[in-house]
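This report concerns only the one structure given below.
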Amino acid sequence: MKEIAYEGPPLEEAPDAATKKPVRSKGSALAPTLRTFQSDAVGEAAKTTKLGLLMAERAHKEELGLPRISEESEPHLGRLILLLLLVLAFAVGVGLYVLIGASFHIPLVSDTESAAGDNILLEDGASIAIGNSSREQVPKSIAGLFANSSLARGEVRIMQFYSSDAAGGNVQAATTSALLRTLGGKTPPETLLHSLDPVFVYGMHSGKGPVGFFTFRSRSYAETFAGMLAWEPLMGDALIPALNPKMKKSDIAALAGRAFKDERVAETPARVLSDPDGVPAIAYAFPDREMLIIAGDRETLVMLIEQFRNGIK
């Protein structure tokens, strides 16, 4: 067959049907493109933000009467509440430890702010009058305070001696000299009275039983120590009614003629007067050269010495 040459314009190669991309009609004003659900969803999703979704979800839940907080956030809220409860329990535990476990502070002479002779405010049941009272009345007043006090073991109660004029006015804190002269008559050596500061502390400590104690500030250790040694033969009769008010007069009489002995109490040299059974009635010591402590038993003296040491650290 004879080939016939084609002399017309060149023919374009037809595109491959498999690779040809169909062109979607954009429609016209008279015949717009047909909308479908898929096309609308894709378009709206492109416009919607995460905040919008959250707001829509909240509005939907409000319409249904459901809470705004999602279920996924409930575990976080539960953990937050549990954490707050743990913090509260820890705070309560620390508070109880501070209230119950803290040691009781006893005001020694150095802690007292008012000087002897200053006007004082009396507390019902915690004050003892001297001056116009007889020597026999003061031990009775002390014994009444001890009888009416209910202290748990280890507790301490501070009491105040005061003096007033004949009319009952001008109430002032009693001085050391006035107190010792009232309790011991004129027996305390003058060197002892002059060597002690006018301010003192008197209190009650509950150990095996209620026991009294005194703390004095010494202005001259040598004179105070010498004065105490000179007073020892008469000290029992003068101080035991204030240190051990429940002791019978017959037991006090049994101490007559007995001597003080040197002992070590809480690693401190002390002088102790004991009855025939070895039970102390008076014990005194100098935790330092400026402090004199007198107590009605060893346990109270130990407590006061340790309290003094802890206070000066």
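The values are calculated or read from the model by the stated rules, or taken from the named source; none is laboratory data. The structure presented is a predicted model; accordingly, all values stated were derived computationally and were not measured. FYI the Cβ positions are ideal-geometry reconstructions off the backbone, even for glycines, and counts take in every protein chain you see. Each accessible area value is taken on the protein alone, full model and side chains, heavy atoms only, with ligands, DNA and RNA left out. Shrake-Rupley method; radii C 1.70, N 1.55, O 1.52, S 1.80 Å.
Please sort 213-221, 182-190, 250-258 by packing, taking for each peptide the average over its residues of neighbouring beta carbons within 10 angstrom, highest first. All intermediate terms of the calculation are to be shown ahead of the outcome.
Values: 213-221: 20.3, 182-190: 16.3, 250-258: 12.8.
In descending order of packing, they fall as 213-221, 182-190, 250-258.
Over segment 127-311, what is the percentage of antiparallel beta bridges among all DSSP beta bridges, to the nearest 5?
Numbers: 33 of 37 bridges.
Just about 90 percent of them are antiparallel.
Need one number: nm distance between label points at SER150 and ARG219, each 7 Å from Cα along Cα→Cβ, rounded to one decimal.
4.4
Computing the accessible area with a 1.4 Å probe over protein heavy atoms, can you report the carbon and sulfur percentage for segment 211-310? Could you put the intermediate results ahead of the total?
Numbers: 2330 of 4510 Å².
Carbon and sulfur: 52 percent of the exposed surface of segment 211-310.
Could you report segment 127-311's accessible area per residue, 1.4 Å probe, as an integer in Å²? Could you put the intermediate results ahead of the total?
On the way: 8440 Å² over 185 residues.
On a per-residue basis, 46 Å².
Please work out the Kirkwood hydrodynamic radius for segment 127-311, using every pair of different C-alpha atoms, and report it in angstroms with one decimal place. Please list the in-between numbers first.
On the way: mean 1/r = 0.0601 Å⁻¹.
After inverting the mean inverse Cα-Cα distance, the result is 16.6 Å.
Under a crude label model (7 Å from the Cα following the beta-carbon direction), how far is GLU63 from GLU232 in nanometres?
10.2
Tell me which residues come under 5 Å, amide H to amide H, from MET291 once H is placed; ignore anything under 5 positions away on its chain.
SER218
Given points 7 Å out from each Cα along the Cα-Cβ axis, report the ILE81 to ILE252 separation in nanometres with one decimal.
Calculated label separation equals 6.8 nm.
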